[in-house]
Structures are given as C-alpha cells and as structure tokens.
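Read the structure below first, then the notes.
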Amino acid sequence: MAKDISIVLAGVGGQGTLIAGKLLGILAMKQGLDIKVSEVHGMSQRGGSVITYVRMGEKVYSPIIEEGMADYVLSFEEVEAVRWANLLKKDGVLLVNSQKIKSLPVLLGNAEYPENIKDSLDTAASGNAKVVEFDALSAALSCGSSKAVNMVMVGALSAGMDFPKDLWIEAINEAFASKAKLIPMNVEAFNKGRDFVS
C-alpha cells in the first residue's frame, strides 16, 4: 500500500459507526497494516452525533484526522455529512446515506431540519470531491433491519478500495462472531452497498 488511508465514519447514536470502525480495523490487520481508530461517543441514544476516525497504513502514529485530510467520509445521516464534510480531501469521496434523523431540538420544534442539504454538501466538500448520496436505509430494510445501514455504507466504501472482497467478508464474519445469526444479513447489506457504488 503506497499511502495511508484516512476514513471518517459519521452518524448518530444507534447507527453502528463503532462496529463499522471495528470492522475496518479487522480488515487492516488482515492486510498486515498498522491501524489506529479513535471513537468520539456522542449521546448513546439516537440523535447524538458520533464520529469514528480510522487511519491505516504501513505505520500510523495518530488516529486523528484533521480538516482536509480524509480520503473518505461515510455519513450515515444527511446533516452529519454537512457537519463533517470539511474533513474531506479535495479529491476525496463523500458517501452519504440520504436518511434524515431529526434531533431532539427539531422534534421539540425549537429548530428546523436544514433544507437544500445537497447544495450544502457540494459546497462543504469542495469542488473536486466526489459526493455520492444514496438510500442506505431502504437497502438495509430490504435485508431485514435498519441496523444494517452501517454494512450498506461499508459495502459502498469497499467498492473504491483495493482490498479483496473476500477479506471484507472475513472481517464481517469476525466483527459479528458473537452474534453469528446476524452475519448473513450483514453480508447481504454489504453486497447491496458495494453493488450500488460499483
């Protein structure tokens, strides 16, 4: 691998950004790469922002990804894409789940959910970045659970990376080893995300 890869996973509590980060760690170790993962836990219930930084390469010294340094930003929810798009490199890739999860202030009527998210993303991610928005929630539901959104997103990420598909599947099996009955659903969700971007 010629260079380090920096990945940001951004979502809200309950969307599975942390297990997605764990899976990427397993994948990197299978490739013999150094890996650093930093998790910033928001509120544990739905609605709190959660971000996970993942850096992998021959030798990685810090998990932190600064502004303009991420190769990939995976946003599990639209507003989180706007919030973290500034971390993306000019030629990076922003993968966005089109799902809208309203925060508590929005639900209480104290704030409004932002309009024109797509325009905001294009501006925030800079002109050279690739923005790919798709309905990961519908794909996950077709596999059996909204909780598979994270694997749809990881599948979409995998399509742009040089790791063999069988290693991704092995990593899914290891990440869900304690809940083996969930493996088939998560593999299916991964494949749907991968096929969408491919």
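The values are calculated or read from the model by the stated rules, or taken from the named source; none is laboratory data. Predicted model, so just to flag it, every value in this text is computed and none were measured. Methodologically, a virtual Cβ is constructed for each residue, glycine included, from the backbone with ideal geometry; neighbour enumeration extends over all protein chains shown.
Summary of computed values
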| item | result |
| --- | --- |
| Of all residues making up region 1-27, the number that are under 14 Å from the mean Cα position of the chain (by Cα) and part of a loop (DSSP other than H, G, I, E, B) | 4 |
| Lone qualifier among VAL60, VAL96 - being surrounded by 24 or more Cβ atoms within 10 Å (Cβ to Cβ) and modelled with pLDDT of 90 or more | VAL96 |
| Which numbered condition GLU77 misses (of (1) within 22 Å of ILE19 (Cβ to Cβ); (2) in contact (Cβ under 8 Å) with a residue 60 or more places away in the chain; (3) more than 12 Å from the chain's Cα centre (by Cα)) | (3) |
| In region 5-28, the residues that are of a type in the set (A, V, I, L, M, F, W, C) and modelled with pLDDT under 95 | ALA10, VAL12, LEU18, ILE19 |
| Counted residues, region 75-92 - those being charged (D, E, K, R) and under 18 Å from VAL152 (Cβ atoms) | 3 |
| Pairs, first within 16 Å of SER145 (Cβ to Cβ) and assigned to a loop (DSSP other than H, G, I, E, B) in region 173-187, second polar (S, T, N, Q) and modelled with pLDDT of 95 or more, C-beta under 8 Å, six or more apart | PHE176/ASN186 |
| Flag if SER146 is among the polar types (S, T, N, Q), at pLDDT below 95, in contact with a Pro (Cβ under 8 Å, 6 or more places away or on another chain) and surrounded by fewer than 19 Cβ atoms within 10 Å (Cβ to Cβ) | no |
| Some residue of region 100-110 being buried (at least 20 other Cβ atoms within 10 Å of the Cβ) and either modelled with pLDDT of 85 or more or within 19 Å of SER158 (Cα to Cα) (or both) | no |
| Residues located in region 161-172, provided they are part of a helix (DSSP H, G or I) and of a type in the set (A, V, I, L, M) | LEU167, ILE169, ALA171, ILE172 |
